[in-house]
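The values are calculated or read from the model by the stated rules, or taken from the named source; none is laboratory data. What you are looking at is a predicted structure, and each value in this text was computed from that prediction instead of being measured. Ideal geometry is used to build each Cβ from the backbone, glycine not excepted, and the neighbour counts take in all protein chains shown. What goes into the accessible areas is simple: the full protein's heavy atoms, side chains included, and nothing from ligands, DNA or RNA. Shrake-Rupley method; radii C 1.70, N 1.55, O 1.52, S 1.80 Å.
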Amino acid sequence: MSDVTASHRWKIEKGLSGDFIFKAVTVLFAFSILVILMLMLYEMVSQSLPSLRKFGGHFMTGMDWDAVQEQFGALPFIYGSVISSVLALLLATPLAVGTALFITEIAPRRLGGFAASLVELLAAIPSVIYGLWGILIMTPWLQQTAQPLLQKYLGFLPFFQGPAYGVSMLAGVLILMIMVVPIITSITKEVLLAVPRSQREAAIALGATRWEMIRMAVLPYGKSGILGAVILGLGRAIGETMAVTMVIGNNPKISLSLFSPAYTMPSVIANEFAEASSPLHSAALMNIGLLLLVITLIINALARLLLWSMSRGAARGAKL
Amino acid sequence: MLKKISKSLLALAIVAAAAVAGQAHAETLINGAGATFPYPIYSKWFSEYAKVDPSVKFNYQSIGSGGGIKQITAQTVDFGASDAFLSDEQLKAAPGKLIHIPTVMGAVVVTYNIPGVPKGLKLKVEDVADIFLGKITKWNDPRIADDNPGVKLPNQPIVVVHRSDGSGTTNIFTDFLSGVSAEWTQKVGKGTSVKWPIGLGGKGNEGVAGQVKNTNYTIGYVELAYAFENKLPFATLKNKSGHWVEPSIKSTSAAAAAAVKHMPADYRISLVNQPGKDAYPIVGFTWLLVYEQQKDKVKGKKLVEFLHWELAKGQKMASALLYAPLPENVEKMVEKTIKTIKY
């Protein structure tokens with residue numbers, strides 16, 4: 001008896017030292033991420049110092065971007081990034097949630113699996129391929145077919161005015177939408193699959209139709225997960241560079257019309273950094289990178305706040 | 001276990017050290033970085049030169065002129081390359097005296113897409129400037145129509161396409177526009193990326209060419225080599241001496257030949273709008289940047305040997321790759337300059 005305990009203890013002790021090493025390694029890894037982020041932040045701030053000193057807060061409100069006169073204002077880029085990402089998400093979310101619902105709730109298992117693998121295939125396509133497809137196929141179609149139609153029927157709105165070039169804010173929004181749909185769909189699909197069967201069965205037992213079951217039992221349960229998926233989609237949309245650069249027209253102007261060309265923050269960095277030879281120009285581009293990081297952090301924080309308030313609300317609802 | 005790992009690590013280190021030592025014995029590695037525009041000819045030269053002198057290996061990274069200038073200034077590479085010459089301020093920032101060595105010349109062509117109008121549309125240089133300023137807005141503007149009798153120009157708005165990425169091509173093109181239009185100089189100026197008054201931005205030569213090809217009634221600018229290879233239509237321009245000149249390798253070299261008389265000793269000269277019957281107006285040098293005082297004796301010697309070879313033999317390979325070789329008298333000047341490099 002005592003023999004068994006002894007050997008047992010010995011084993012546990014060995015496990016403990018393994019535990020200690022494992023713990024130390026994970027702590028090290030976790031902190032290294034933090035250190036990398038801090039170093040990045042430090043490096044970006046120090047590199048953008050000339051621009052921060054010269055323009056300060058005006059950098060965010062300035063409309064002028066002129067490398068020759070060394071005048072830099074980032075507002076058109078901030079506008080382009082935020083508007084293109086938000087509009088893309090507005091279009092992509094219903095599409096993605098609908099697709100995920102079809103895959104998990106409606107389609108026969110085989111068909112659902114097939115559709116899911118197609119969506120995952122979309123997520124694996126490199127962004128430059130989306131860009132090439134955008135510039136060779138989508139923008140000519142926009143220019144010759146879609147934009148004239150929009151102008152004809154919705155031309156009274158300020159959003160669909162001006163000449164149709166094909167490359168435009170509209171093209172940027174559409175390409176971003178196509179790129180974020182697979183991400184939101186895949187994650188939403190997993191979230192919906194995690195909804196317990198009992199939840200669905202209870203709704204059906206109460207006499208709910210399939211739509212009522214989805215609306216009352218499935219969607220509320222997966223709400224926070226779906227929101228998380230949308231936030232991840234936003235992360236991809238706001239940081240996307242290549243595909244957007246190829247179709248958005250790269251013109252730093254703020255215009256209500258979706259037909260006019262626009263510019264995003266990652267695009268201007270990708271376009272100008274390699275050839276920026278004056279120190280202030282490089283610093284201004286770094287400053288845009290810094291702004292992009294800050295905006296991403298703010299969006300993430302807001303999303304966490306939203307998730308937290310939602311889950312608290314849900315918990316209170318459960319108590320009641 | 002730990003012993004095993006350390007043993008194998010040791011073995012690996014020995015092998016690696018041996019490999020490095022072996023390599024150092026066999027060949028000198030010379031690193032360079034910079035302009036993307038001359039990359040095809042440079043890589044051709046480096047691979048041909050490997051046959052001439054197998055003991056030296058060149059490694060060239062085409063990261064853009066701006067990056068090349070930064071790296072040679074920081075001395076992280078042995079030579080830099082740029083499509084734009086350095087300003088006095090940039091030269092001062094370098095820790096030693098940097099020499100510009102012109103290697104080849106390139107030209108920029110004005111390309112367009114007007115259904116029914118083939119290549120060879122005639123444009124005065126002032127009209128090109130006013131189109132890019134947004135002052136000439138229709139293709140059938142009398143200023144364009146008068147130069148093209150017999151060509152049916154449509155009553156359509158002109159869509160301007162420019163490069164969105166910073167580039168030596170843009171630098172040459174805006175330098176040219178500044179030379180022909182006072183208004184351009186005042187409103188926009190010249191640089192690798194400028195604040196365009198109008199138009200759409202395409203990324204790279206391929207981005208501009210793609211937008212011009214896909215959209216009717218467009219006008220844009222691309223490198224001569226790119227236009228030739230992709231059979232894009234390009235305009236014949238009336239240069240400052242009043243002659244119509246079609247872009248070609250020959251008319252590009254003619255621009256440099258015209259500039260010989262006032263060629264400065266450091267070759268920091270813009271070749272746009274040179275006088276002469278055959279001189280095409282949108283032309284520029286591309287340069288290698290090397291320190292006059294080389295730090296590494298072996299590398300310095302090898303680099304200078306290569307530069308002599310490039311002038312004697314490499315120049316003849318240029319036109320096959322659609323670059324214009326240096327005119328003979330410039331070649332002779334450069335030969336002397338290379339001799340001033342100390343190691």
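Determine, yes or no, whether B:THR185 is out of contact with any strand residue (DSSP E or B) (no Cβ under 8 Å at 6 or more places or on another chain), surrounded by fewer than 19 Cβ atoms within 10 Å (Cβ to Cβ) and assigned by TED's automatic domain parsing to the domain that holds B:ASN113.
Numbers: out of contact with any strand residue (DSSP E or B) (no Cβ under 8 Å at 6 or more places or on another chain): yes; surrounded by fewer than 19 Cβ atoms within 10 Å (Cβ to Cβ): yes; assigned by TED's automatic domain parsing to the domain that holds B:ASN113: yes.
So B:THR185 fits the description; yes.
Need a quick list: helices (runs of 4 or more DSSP H) entirely within the range A:173-277 having at least 1 residues that are within 30 Å of B:THR169 (Cα to Cα) and open to solvent by less than 50 Å² (accessible area, probe 1.4 Å).
Working: elements: A:197-205, A:210-213, A:219-239, A:242-247, A:265-272.
Helices (runs of 4 or more DSSP H) meeting the threshold: A:219-239, A:242-247, A:265-272.
What residue, among those in the range A:248-268 that are more than 11 Å from chain B (Cβ to nearest Cβ) and not β-branched (Val, Ile, Thr), is nearest to A:LEU136 (Cα to Cα)?
Looking at the filtered set, the residue picked out is A:PHE259.
Looking only at the range B:282-294, decide whether some residue is open to solvent by 40 Å² or more (accessible area, probe 1.4 Å), within 14 Å of chain A (Cβ to nearest Cβ), in contact with a Pro (Cβ under 8 Å, 6 or more places away or on another chain) and not acidic (Asp, Glu).
Among the residues of the range B:282-294, not one is open to solvent by 40 Å² or more (accessible area, probe 1.4 Å), within 14 Å of chain A (Cβ to nearest Cβ), in contact with a Pro (Cβ under 8 Å, 6 or more places away or on another chain) and not acidic (Asp, Glu), which makes the answer no.
Could you check, for the range B:162-180, whether at least one of its residues is touching a helix residue (DSSP H, G or I) at 6+ places or on another chain (Cβ under 8 Å), closer than 17 Å to B:ILE136 by Cα and more than 11 Å from every other protein chain (Cβ to nearest Cβ)?
Yes, there is a match, as at least one residue in the range B:162-180 is touching a helix residue (DSSP H, G or I) at 6+ places or on another chain (Cβ under 8 Å), closer than 17 Å to B:ILE136 by Cα and more than 11 Å from every other protein chain (Cβ to nearest Cβ).
Name every residue in the range B:220-239 that is open to solvent by less than 50 Å² (accessible area, probe 1.4 Å) and of a type in the set (D, E, K, R), in order of residue number.
B:GLU223
Would you point out the residue of the range B:327-338, among those that are open to solvent by 10 Å² or more (accessible area, probe 1.4 Å) and touching a residue at least 12 places away in the same chain (Cβ under 8 Å), that is nearest to B:VAL260 (Cα to Cα)?
Of the residues in the range B:327-338, the ones open to solvent by 10 Å² or more (accessible area, probe 1.4 Å) are B:327-329, B:331-333, B:335-337.
Subsequent filtering for residues that are touching a residue at least 12 places away in the same chain (Cβ under 8 Å) retains B:327, B:329, B:331, B:333, B:335, B:337.
Details: B:PRO327: 9, B:ASN329: 7, B:GLU331: 11, B:MET333: 10, B:GLU335: 15, B:THR337: 15 Å.
Restricting to residues being open to solvent by 10 Å² or more (accessible area, probe 1.4 Å) and touching a residue at least 12 places away in the same chain (Cβ under 8 Å), the top hit is B:ASN329.
Please specify each residue of the range B:188-198 satisfying the condition of being within 10 Å of chain A (Cβ to nearest Cβ) and within 25 Å of A:SER282 (Cβ to Cβ).
Scanning the range B:188-198 gives B:VAL188, B:GLY189, B:LYS190, B:GLY191, B:THR192, B:SER193, B:VAL194, B:LYS195, B:TRP196.
Anything in the range B:80-100 that is of a type in the set (S, T, N, Q) and in contact (Cβ under 8 Å) with a residue 40 or more places away in the chain? List them, or say none.
B:SER82
Could you list all residues from the range A:62-100 that are assigned to a helix (DSSP H, G or I), buried (at least 19 other Cβ atoms within 10 Å of the Cβ) and not small (Gly, Ala, Ser)? Let's see the steps before the verdict.
First, the residues of the range A:62-100 that are assigned to a helix (DSSP H, G or I): A:75-100.
If we keep only those that are buried (at least 19 other Cβ atoms within 10 Å of the Cβ) too, we end up with A:76-81, A:84-85, A:87-89, A:92-93, A:96-97, A:99-100.
Those that are assigned to a helix (DSSP H, G or I), buried (at least 19 other Cβ atoms within 10 Å of the Cβ) and not small (Gly, Ala, Ser): A:PRO76, A:PHE77, A:ILE78, A:TYR79, A:LEU87, A:LEU89, A:THR93, A:VAL97, A:THR99.
Which residue is nearest to B:GLY284 (Cα to Cα), if the candidates are limited to the range B:78-98 and must be facing chain A (nearest Cβ under 10 Å) and touching a Leu at 6+ places or on another chain (Cβ under 8 Å)? Before you say what the answer is, go through the steps one by one.
At the first step, the residues of the range B:78-98 found to be facing chain A (nearest Cβ under 10 Å) are B:82-84, B:86-87, B:89-90, B:93.
Filter once more, so that each one left must be touching a Leu at 6+ places or on another chain (Cβ under 8 Å): B:82, B:86.
Numbers: B:SER82: 11, B:LEU86: 14 Å.
Among residues in the range B:78-98 that are facing chain A (nearest Cβ under 10 Å) and touching a Leu at 6+ places or on another chain (Cβ under 8 Å), the one nearest to B:GLY284 (Cα to Cα) is B:SER82.
Mind checking which residues of the range B:200-214 are open to solvent by less than 50 Å² (accessible area, probe 1.4 Å) and more than 7 Å from chain A (Cβ to nearest Cβ)?
B:GLY202, B:GLY204, B:ASN205, B:VAL208, B:ALA209, B:VAL212
Here is a yes/no grid of residues against (1) modelled with pLDDT of 90 or more; (2) outside any helix (DSSP H, G or I); (3) of a type in the set (D, E, K, R):
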residue	(1), (2), (3)
A:ALA6	no, no, no
A:TRP10	no, no, no
A:LYS14	no, no, yes
A:ASP19	no, no, yes
A:ALA24	yes, no, no
A:SER32	yes, no, no
A:MET38	yes, no, no
A:LEU41	yes, no, no
A:LEU52	yes, no, no
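Of the residues that sit in the range B:125-146 and are among the charged types (D, E, K, R) and not in a helix (DSSP H, G or I), which one is nearest to B:PRO275 (Cα to Cα)?
Looking at the filtered set, the residue picked out is B:ASP146.
Which fully enclosed strands (runs of 3 or more DSSP E) of the range B:204-304 have 1 or more residues being among the charged types (D, E, K, R) and at negative phi?
Where strands (runs of 3 or more DSSP E) fall fully within the range B:204-304 and carry at least 1 residues being among the charged types (D, E, K, R) and at negative phi, they are B:218-223, B:236-238.
Of the conditions (1) within 11 Å of chain A (Cβ to nearest Cβ); (2) over 19 Å from the mean Cα position of the chain (by Cα); (3) part of a loop (DSSP other than H, G, I, E, B), B:PRO149 clears all except one; give me its number.
Status for B:PRO149: all satisfied but (1).
Failed condition for A:GLN143, given (1) surrounded by 15 or more Cβ atoms within 10 Å (Cβ to Cβ); (2) away from every other protein chain (no Cβ under 11 Å); (3) not hydrophobic (A, V, I, L, M, F, W, C), with all others met?
The failed condition is (2).
If I go through the range B:33-72 residue by residue, how many of them are within 11 Å of another protein chain (Cβ to nearest Cβ) and part of a helix (DSSP H, G or I)?
6
Name, by its number, the condition in (1) in contact with a strand residue (DSSP E or B) (Cβ under 7 Å, 6 or more places away or on another chain); (2) away from chain A (no Cβ under 13 Å); (3) not β-branched (Val, Ile, Thr) that does not hold for B:GLN75.
(1)
Have a look at A:LEU170, A:LEU95, A:LEU101, A:LEU142 and point out the one that is over 23 Å from A:LEU232 (Cα atoms) and hydrophobic (A, V, I, L, M, F, W, C). First the steps, then the outcome.
Numbers: A:LEU170 fails: over 23 Å from A:LEU232 (Cα atoms); A:LEU95 fails: over 23 Å from A:LEU232 (Cα atoms); A:LEU101 fails: over 23 Å from A:LEU232 (Cα atoms).
Unique residue meeting the criteria: A:LEU142.
State which residue pairs qualify: first residue within 14 Å of chain B (Cβ to nearest Cβ) and inside the range A:56-67, second residue open to solvent by 60 Å² or more (accessible area, probe 1.4 Å) and not aliphatic (A, V, I, L, M) in any location, beta carbons under 8 Å apart, and separation of 6 or more residues or different chains.
Going by the 8 Å Cβ cut-off, the qualifying pairs are A:GLY62/A:GLN71; A:ASP64/A:GLN71; A:ASP64/B:LYS195; A:TRP65/A:GLN71; A:TRP65/B:LYS195; A:ASP66/B:LYS195; A:ALA67/B:LYS195.
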